[in-house]
1. Kindly list the number of the only condition in (1) under 24 Å from the mean Cα position of the chain (by Cα); (2) of a type in the set (Lys, Arg); (3) assigned to a helix (DSSP H, G or I) that fails for residue 40.
2. Out of the stretch 212-239, which residues are under 15 Å from residue 30 (Cβ atoms) and of a type in the set (A, V, I, L, M)?
3. Residues being at pLDDT 95 or above and in a loop (DSSP other than H, G, I, E, B): count how many of those fall in the stretch 237-268.
4. Quick test for you: out of 313, 300, 320, pick the one residue that is under 19 Å from residue 175 (Cα atoms) and either in the same structural domain as residue 116 (by TED's automatic domain parsing) or not in a helix (DSSP H, G or I) (or both).
5. Could you say which residue among 126, 163, 167 is farther than 30 Å from residue 325 by Cα and buried (at least 17 other Cβ atoms within 10 Å of the Cβ)?
6. Is at least one residue of the stretch 20-43 in contact with a helix residue (DSSP H, G or I) (Cβ under 6 Å, 6 or more places away or on another chain), surrounded by 10 or more Cβ atoms within 10 Å (Cβ to Cβ) and among the polar types (S, T, N, Q)?
7. Considering the stretch 44-67 alone, what residues qualify as being among the hydrophobic types (A, V, I, L, M, F, W, C) and part of a loop (DSSP other than H, G, I, E, B)?
8. From the list 334, 339, which one is of a type in the set (Gly, Ala, Ser) and surrounded by 16 or more Cβ atoms within 10 Å (Cβ to Cβ)?
Amino acid sequence: MLTEHDLRRLDALYQSLEQATERFLGYPVSKDFETGPLERFLRFPLNNLGDPFVDSTFAVGTRELEREVVGFVADLLRAPPGDVWGYVTNGGTEGNLYGLYLARELLPRGIVYFSEDTHYSVAKNIHFLGLRSITIRSQANGEMDYEDLAETLRINRDKPAIIFANIGTTMTEARDDIGTIKGLLNRFAIREHYIHSDAALCGGFAPFLDPRPAFDFADGADSVSISGHKFFGSPIPCGVVIARKRHVERIARSIGYIGSLDTTITGSRNGFTPLVLWYRIKSLGVEGLRERARSALELAAYALKRMTDAGIAAWRNPQALTVVFPKVSDALKARWQLATQGEQSHLIVMPNVTRTQIDALVDDMIAERASAGEPGMATTSHSIQKQGCA
């Protein structure tokens with residue numbers, strides 16, 4: 001039995017998490033999900049061990065729903081019918097590891113090319129897999145520098161190329177263009193190549209953008225990884241990786257005692273997160289996701305305007321949910337849980353973010369700048385503007 005002290009600790013933790021969840025704006029996590037109807041499934045040891053498309057002798061799982069999730073995401077990503085496979089992962093890092101793993105098995109002599117704005121976990125994954133790699137410069141907005149990539153490919157044109165493309169970099173949400181990259185590979189006649197798209201945040205809404213970014217299978221990707229807890233929303237970190245089936249068949253092994261194939265990174269796999277994603281997809285549908293994207297993008301534009309109107313040097317990449325601005329103080333960073341790197345901080349306008357939160361953040365930024373003696377800041381507060389209009 002838990003002691004009274006243990007129970008108080010749990011209560012305190014709950015209250016702390018409740019308060020912290022009310023005010024975080026710097027990380028791409030959606031919190032507007034409802035899991036009440038799913039809580040009864042937590043009494044089962046759900047485990048989707050093995051291949052999601054091959055039933056196992058261990059039957060306490062959610063494979064059927066996982067297959068539906070994979071099919072839904074594959075359609076969003078324009079995966080080729082008959083040559084598509086995927087599974088629900090623990091998150092974007094595992095999905096990226098899987099894409100690089102397939103690339104290594106297909107092109108063991110390959111060199112991985114990725115930009116300097118790539119997520120920190122990618123270098124770790126490359127180290128795990130023992131792959132050779134070359135870092136490509138980034139443009140000012142965080143997108144890959146295609147001139148540097150072209151020159152590097154030209155020098156190494158006799159070697160297979162593994163391209164790791166960012167479809168939304170961590171700090172600025174820059175998107176590498178698969179069409180441009182494919183053009184470079186063709187220019188240098190590099191026939192042996194593999195392209196993986198890390199679409200952790202953007203993969204959930206990029207299919208609804210106009211113009212649509214070049215990032216998916218129709219554009220030439222061999223695998224795409226997205227996160228489930230970001231744009232879709234989940235209480236547990238998760239993701240989906242989609243790959244061309246013919247590549248996956250190269251690594252499949254039959255495991256007799258589970259009655260399935262070993263095709264994933266981990267053996268035992270969470271059986272609850274496929275249930276969560278299935279529920280979200282069924283609840284939202286394609287049109288719900290489209291509206292979710294439209295609303296969030298509209299609010300991101302509002303956030304940018306509020307900051308620039310206040311004299312804050314903010315900016316965002318085209319059709320991005322991320323608004324970038326000069327580094328804020330440690331106090332503001334802690335209060336709003338704002339991600340900061342170097343001289344930049346950012347706000348990510350996820351679907352659950354409200355206009356009220358945006359206004360409160362900008363008012364805090366204005367007040368802080370005014371207290372620091374920056375001219376023109378004291379009279380541009382949103383609250384003061386509203387009082388003046390009244």
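1. Residue 40 satisfies all of (1) under 24 Å from the mean Cα position of the chain (by Cα); (2) of a type in the set (Lys, Arg); (3) assigned to a helix (DSSP H, G or I) except (1).
2. First pass over the stretch 212-239, keeping only residues under 15 Å from residue 30 (Cβ atoms): 226-239.
Scanning the stretch 212-239 gives 226, 236.
3. 2
4. On the way: 313 fails: under 19 Å from residue 175 (Cα atoms); 300 fails: either in the same structural domain as residue 116 (by TED's automatic domain parsing) or not in a helix (DSSP H, G or I) (or both).
It is 320.
5. Testing whether each residue is farther than 30 Å from residue 325 by Cα and buried (at least 17 other Cβ atoms within 10 Å of the Cβ) leaves just 126.
6. no
7. First pass over the stretch 44-67, keeping only residues among the hydrophobic types (A, V, I, L, M, F, W, C): 44, 46, 49, 53-54, 58-60, 65.
The answer is 44, 46, 49, 53, 54, 58, 59, 60.
8. 339
The values are calculated or read from the model by the stated rules, or taken from the named source; none is laboratory data. Keep in mind that this is a model prediction, so the values were computed, not measured. Quick reminder, even Gly has a Cβ in these numbers, built from the backbone with ideal geometry, and neighbours come from all protein chains shown.
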